[in-house]
Structures are given as C-alpha cells and as structure tokens.
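Working notes, beginning with the structure itself.
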Amino acid sequence: MEEKVDVAVVGGGPAGVMAAITAAKQGLSVTVLDKKPREKIGNKSCGDALDRVAPNLMKDKLGIEYPNGKELPSPLEHLTFASVSLKHSLTAHTPAFIVHRLHYGQRLLKIAEENGAKIVGNAKVRDILIDGDQITGVQFFHENEQKEISAKVVIDASGYIGIVRKLIPEDLEYGIDYSVPPEHTVATYREIVRLDRPHEFQKRIVLLYHESIPIPGYAWIFTDGELQLNIGVTWPKHIPYPDGKSLKEIYHEVLDPLVPPETYEIVHKGGGQIPIRPPFDSLVFNGAILVGEAGCMVDPTTAEGHGPSLISGYKAGIAATHALKRNDVTHAGLWEYNKDIMNYPGSTHAMSYQALQFLKQTGPSGMAFFLKRKIVSEQDLIDLFQTREFVLPFRKKVQKILQAFPKWGMMWNLKKAIEKVELADHIYKSYPNSPEGLSEWIEWRRRDLTSDY
Ligand SMILES: Cc1cc2nc3c(=O)[nH]c(=O)nc-3n(C[C@H](O)[C@H](O)[C@H](O)COP(=O)(O)OP(=O)(O)OC[C@H]3O[C@@H](n4cnc5c(N)ncnc54)[C@H](O)[C@@H]3O)c2cc1C
C-alpha cells in the first residue's frame, strides 16, 4: 500500500535531517528518503568546518547539544585568511567546530527517529507525483522495487543535485530559472592526511587565496585533530584548468610546498561540487520546499554550506507545520519560508556574493595588499564571522583611508563594493510578504544589485 505522510524529505544530510527533526517535534508524520544506506547517511567529503550560528540555534530552539565526543575531531579557535602565500595573512579568534560529518549526521538522524520520523536508506528518489498544479509526493526505488509516497509537503534536501527541483514542471516555477550554471558552481578536491607529528595548524583553519587559483576558488588547510589535516582546493567550474592540468595536479602544485606529501599518509580523498550564489528568488512551490544546497544555501565566498543547510531545514520544518495547521500547503501557504530564508542566511549570502565580485576584481595580489596594509583588521574579521555587524564600521574606516589617499582606485572600488554589500542586505531584508510582490522585487534586485542570476 502506498504510504501517506505529512512531510516527505528527500535527502537526510544536514538540511533534510533538520527539517525532519523540526517537523516531527511539531507532531507531523515525517519520512526521510536517502539513496545512501542508513548507516552512511550524513557522510560527505567536506572541509568539516561549522561555525556556531546553526549549533546555537539548534540548542536554543530544539535542545540539540553541540557537536561533542567523536563528532568533534577538533574544536576551532582561529580563522586565517592568507593571500598568495602564508606570508600575507590575517588571523582572527573565531570559535567554531570541526565536525565528523558521519558521526554528527548520525546523531541528528537518531534524534529525528526518537521524535517519530522514519528514515529509509537505499531509497533513491526518481520522480515526483503531481495532481493538477500540486506536488503530492515522490516515486523512489527501494529494495529492487519502485515505490511511491504521498505527502502534503515534499522537502527537497538532496543537495547540489536538487532532484525534486529538477523535476518541477515549468508552469509551477513562476518564471524563475532553477538551474545552477558552471559560473555559479565550484569544483572541489580534498584529502584528509595523517602526519607523523603534531601539525602547525592546531585549532585553526586557513583559507588561502593563491595566485594560480582564480577567485572564487581558493585553497584550504583545516585542522582535523592534532595529527590530521583536511586540505583542499576549490575551482570555479566555468574556468578551464590551465595547461590541461587536473584539479588534483593544481592541488599538489599549491599545497605541497605548505604541507609536503612526504610528511603524511592519505586517510581519505574526495570532492564534489558546491553552488555559490545566493538562494533562488523563491524556494517554495505548491506542495514543495527547497532546503540546503538544493536551494543554493551556501556562502558564495567561503563555500560554507553546512550551517546554512541546518538552519534552512529548521526553517522549512516550521513553515511546513504552520502551512499544515492552516491547511494551505500551496506556494502562498508556504511563503513564510521564503521571507525567513531571505532574512537569514539569504541576506548574508547576497552580501557575500557582492563582496566576492570585488575580490574577483582585485585577485589574490590585491588581497595581499589589503592584508599587508592592515586595511582589514582582526576585529573586522571577528565582526564579520561573529556579530555580522561588519559593514558600517568598516565603511567608516575605508572612508578615512580614502580621504588620505584620494587617488587610490582600488580603495574607491572597495567603497563602491561596500555600498553594494549594504544594498544587498537591504534588498534581501525587504523581501515581499506574499507572492504578489515577487516580480517587482526581482526587478528591483536585478536593476539595483545584480542581474547575474
Ligand atoms: C569538498 C567539500 C568541502 C566542503 N567544506 C565545507 C566546510 O568546511 N564547511 C561548510 O560549512 N560546508 C562545506 N561544504 C559544503 C557542505 O558540505 C554542504 O553545503 C552541505 O553538506 C549541504 O547540505 P545538504 O543537506 O543541502 O546536502 P548534502 O549534505 O549533500 O546531503 C544531500 C543528501 O541527499 C541524498 N540524495 C541525493 N540525491 C538523492 C536522491 N535522488 N534520492 C534520495 N536521496 C538523495 C544524498 O545521499 C545526501 O545524503 C563542502 C562541500 C564540499 C563538496
């Protein structure tokens, strides 16, 4: 017999599991379908860094403990931005976590189950069910059989691939383009390596803007405990690798001088694609919601998506509960999710996207200049990552520098970029309260901020 639930969640990664916990805690019947075996759900090739915003929200709203024990290979104390080489760098004290994705993900799945959600592994979703203009469930392959589940709300938490999103018919898309082109994607390659002695990056993560990697790409060196490092590169997908090299070769070229291969053994290699643009202009449909990477909830500059995915899952669970209580699971009934996401993380990611355009312009050598001249200070970085009250004080400082050196074209461009960053915040926080205002808002966003997406 076909199963019927309030909420079917496609994908049990951070976004999906948080949607499941939140909806189940509110008393909804929830089934999570994931193509991975049950015991592997949560596992992912990742840099494993997680800032405190999502864990704080999870603790406050749902009583979920911070990553701990074997879920936490290392606490994180410092973030370093470096340019060209580790010589030009800026380090700020920004407490956060390095998480073991599988162990942490598995605890969250267990919490979902304890609250009544059903988790089905080896369940690959292949199609969506539609009745008239309403999405009513999904079709999936499980135990050598094709099965269906009907749901009042389908939550697409399938990550970069966005399997449900891809299958939504055009007439339910309100004119929005839901594709993620190569210009808005970075490819990644990373290794977890074990050294024979404690490394020099204890409790620290380093983002390195290297001259051979075009921004938004970068290289990273993250602690993964006393003896292990998680090191990798990201590369903008629309730019071909130079001289026919592979991403792995670029990885070695950039990172071998900093972490020589003869000092470590490889524990794991992997990679993946990450969407790097602010969320789609609308994330809800009649009977469906996009969460996490399926909705492009990743910081475009740093490619952090774990925290935003957890938060979007929570927000989707709340919006689905409200819509079901009102008995209105249409696009309009689910709209509060759009508003909530555009407020955070949407506005932050839109600001980051604007900052990224400036970084692309200046390149790694321009960044070296900013770091060398201390135009960005440690306090600026702390503000950016902890209080999010970054722009105003920083703007004042740039104005001061501009007065002293009026001919500095780069500083002028920076001032202009800051204005755009502020505008992005304003536009995303002015997202319409109902679908009626959407086309006007998109027009405004394209005209005054960016028509890149
Ligand atoms: C190499 C790399 C390094 C990264 N480093 C960081 C970092 O340090 N910090 C950070 O914050 N973010 C990082 N990210 C990004 C972060 O990993 C993702 O943004 C985050 O995992 C997205 O969560 P999600 O739940 O949306 O999707 P995912 O974690 O991708 O989960 C999607 C789930 O959906 C399932 N699924 C997919 N298709 C189907 C289907 N058809 N049917 C059923 N199930 C399906 C998958 O099996 C998976 O379990 C990194 C990403 C990569 C690739």
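So is I111 more than 30 Å from F369 (Cα to Cα), assigned to a strand (DSSP E or B) and in the same structural domain as F141 (by TED's automatic domain parsing) or not? So I111 does not fit the description; no.
To keep it simple, each residue is scored yes or no on (1) within 7 Å of the ligand (Cβ to nearest atom); (2) more than 22 Å from I161 (Cβ to Cβ); (3) within 16 Å of the chain's Cα centre (by Cα).
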| position | (1), (2), (3) |
| --- | --- |
| V5 | no, yes, no |
| G16 | yes, no, yes |
| T22 | no, yes, no |
| K25 | no, yes, no |
| V30 | no, no, no |
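Tell me yes or no: at least one residue of segment 264-276 is touching a strand residue (DSSP E or B) at 6+ places or on another chain (Cβ under 7 Å), of a type in the set (S, T, Y) and at pLDDT 95 or above.
Within segment 264-276, one or more residues are touching a strand residue (DSSP E or B) at 6+ places or on another chain (Cβ under 7 Å), of a type in the set (S, T, Y) and at pLDDT 95 or above.
Please go through segment 19-49 and give me each residue that is more than 26 Å from R190 (Cα to Cα) and crowded, with 20+ Cβ neighbours inside 10 Å, ordered by number. Matches in segment 19-49: A19, A20, I21, T22, A23, A24, K25, L28, V30, T31, V32, L33.
For segment 54-74, a tally of residues being surrounded by fewer than 19 Cβ atoms within 10 Å (Cβ to Cβ), outside any loop (DSSP other than H, G, I, E, B) and without any contact (Cβ under 8 Å) to a residue 60 or more places away in the chain returns 5. Would you check if there is a residue in segment 32-52 being of a type in the set (A, V, I, L, M, F, W, C) and more than 15 Å from the ligand (Cβ to nearest atom)? Scanning segment 32-52 turns up no residue that is of a type in the set (A, V, I, L, M, F, W, C) and more than 15 Å from the ligand (Cβ to nearest atom). Looking across segment 207-219, just one residue is under 20 Å from V99 (Cα atoms) and touching a helix residue (DSSP H, G or I) at 6+ places or on another chain (Cβ under 9 Å), and that is A219.
No other residue among A92, A82, A112 is touching a residue at least 40 places away in the same chain (Cβ under 8 Å) and more than 30 Å from L359 (Cβ to Cβ) apart from A112. Taking segment 15-48 as the range and being in contact with a Pro (Cβ under 9 Å, 6 or more places away or on another chain) and part of a helix (DSSP H, G or I) as the test, only A15 passes. Check segment 75-95 and report whether any residue there is of a type in the set (G, A, S), open to solvent by 10 Å² or more (accessible area, probe 1.4 Å), within 15 Å of the ligand (Cβ to nearest atom) and over 26 Å from S29 (Cβ atoms). Looking through segment 75-95, none of the residues is of a type in the set (G, A, S), open to solvent by 10 Å² or more (accessible area, probe 1.4 Å), within 15 Å of the ligand (Cβ to nearest atom) and over 26 Å from S29 (Cβ atoms). Can you spot a residue in segment 79-93 that is under 20 Å from the mean Cα position of the chain (by Cα) and not β-branched (V, I, T)? Yes, that holds for at least one residue.
When the criteria are applied in full, V233 fails the requirement of being near the ligand (Cβ under 8 Å from one of its atoms) and buried (at least 23 other Cβ atoms within 10 Å of the Cβ).
If the condition is being of a type outside the set (A, V, I, L, M), under 15 Å from E265 (Cα atoms) and open to solvent by 10 Å² or more (accessible area, probe 1.4 Å), then segment 191-224 contributes R194, D196, R197, P198, H199, D224.
Working only within segment 319-339, note down all residues that are assigned to a loop (DSSP other than H, G, I, E, B) and free of Cβ contacts under 8 Å to residues at least 60 places away in the same chain. R326, N327, D328, G333, listed by residue number. Filtering segment 136-176 to residues that are in contact with a Phe, Trp or Tyr (Cβ under 8 Å, 6 or more places away or on another chain) and either away from the ligand (no atom under 15 Å from the Cβ) or not assigned by TED's automatic domain parsing to the domain that holds A319 (or both) leaves L172, E173, I176. Restricted to segment 105-135, and to residues there that are within 11 Å of the ligand (Cβ to nearest atom) and touching a Pro at 6+ places or on another chain (Cβ under 8 Å), the residue that is most open to solvent (accessible area, probe 1.4 Å) is N122. Close contacts from segment 252-277, counting a first residue that is open to solvent by less than 30 Å² (accessible area, probe 1.4 Å) and more than 14 Å from the ligand (Cβ to nearest atom) and a second that is at pLDDT below 95 and outside any loop (DSSP other than H, G, I, E, B), with Cβ to Cβ under 8 Å and a gap of 6+ residues or different chains, come to V254/L208.
The values are calculated or read from the model by the stated rules, or taken from the named source; none is laboratory data. The structure presented is a predicted model; accordingly, all values stated were derived computationally and were not measured. Neighbour counts are summed over all protein chains in view; Cβ atoms, including those assigned to glycine, are modelled from backbone coordinates with ideal geometry. Heads up: the accessible areas ignore ligands, DNA and RNA and are worked out on the full protein's heavy atoms, side chains in. Shrake-Rupley method; radii C 1.70, N 1.55, O 1.52, S 1.80 Å.
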